[in-house]
Amino acid sequence: MLRIFVLKFYTMATKKIYSTTDLMSAYMDFVLTHQKNPESVYVFTQSIKIKETEFYQHFASFEALENAIFKAFFENAITLLKQSDDFAQFDAKNQLLSFYFTFFEVLTQNRSYVLWALDVPKHKLQKLKKLVSLKQSFSLFVKDLDIKKPELFSDKLKSFQDKSLEELTWIQLLVILKFWMDDTSASFEKTDVFIEKCVTTSFDLMDTTPLNSLMDLGKFLFKEKTNFSF
């Protein structure tokens, strides 16, 4: 009996304990290797040699796991931004620009998974359930930005204005995301240009000086023959 106990103790001591991050990485590896979702949680956990109950300690479903992956991309970008002493000193426009550049650097490091996970028609991108947590986190980030908006005298209009701003910036992020997914330029340089033009145009619109920026953005989109549909 003593020998059996010792063997069991040794096995438990050396067994890999899967963290939330480990499970997300393992899931990404699985779908990219097999080019499909696992048939079930049981199949997935068997492939990484853990019990099914261990998976449920972290996630209730694959949908919850996929949401966590895109939220982790966002949190990774925010962590990187906060490591810079300059970020907190930036105005809202440059904070948003810095976020986009950093966020898409994070996505580029995981491009194969992102392209696989978001392989849907353009008009369905906004409705993907796996982006729900990302949208919530991004909306809070935008809400905390000190974006100067035209003065409105009605509280109801101000509330509508805030909600509209959050929704418009979310659509802006999705538009940039789709552009990045289709971008074939070296180091995705055209995406960087597109980010700058989108942010400049949106802030100029709020400053009521949009014409030049709108024309500049329109010329760029026409040149790239990009057709966004959401």
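The values are calculated or read from the model by the stated rules, or taken from the named source; none is laboratory data. These figures come from a predicted structure and were not determined experimentally. So basically every Cβ, Gly included, is an ideal-geometry build from the backbone, and we count neighbours across all protein chains shown. To get the accessible areas, we keep the full protein, side chains included, count just its heavy atoms, and leave off ligands, DNA and RNA. Shrake-Rupley method; radii C 1.70, N 1.55, O 1.52, S 1.80 Å.
The criterion of being open to solvent by 30 Å² or more (accessible area, probe 1.4 Å), over 15 Å from Y113 (Cβ atoms) and in contact (Cβ under 8 Å) with a residue 40 or more places away in the chain does not hold for E52. Do any residues in the stretch 20-32 that are over 15 Å from R111 (Cα atoms) and in a helix (DSSP H, G or I) have Cβ atoms under 8 Å from those of residues that are at pLDDT below 95 and among the basic types (K, R), where the two are at least six apart or on different chains, and which pairs are they? Note: pairs meeting the criteria are D22/K16.
Restricting attention to the stretch 37-49 and to residues that are outside any helix (DSSP H, G or I) and of a type outside the set (S, T, Y), the residue that is most open to solvent (accessible area, probe 1.4 Å) turns out to be K49. Set side by side, the residues Q57, Q95 differ, and just one is open to solvent by 70 Å² or more (accessible area, probe 1.4 Å) and over 16 Å from S25 (Cβ atoms), which is Q57. Examine the stretch 141-164 for a residue that is of a type in the set (S, T, N, Q), surrounded by fewer than 18 Cβ atoms within 10 Å (Cβ to Cβ) and modelled with pLDDT of 95 or more, and state whether such a residue exists. No, the stretch 141-164 contains no residue that is of a type in the set (S, T, N, Q), surrounded by fewer than 18 Cβ atoms within 10 Å (Cβ to Cβ) and modelled with pLDDT of 95 or more.
Scanning the stretch 60-92 for residues that are open to solvent by 20 Å² or more (accessible area, probe 1.4 Å), in contact (Cβ under 8 Å) with a residue 40 or more places away in the chain and of a type in the set (G, A, S) gives A68, A72.
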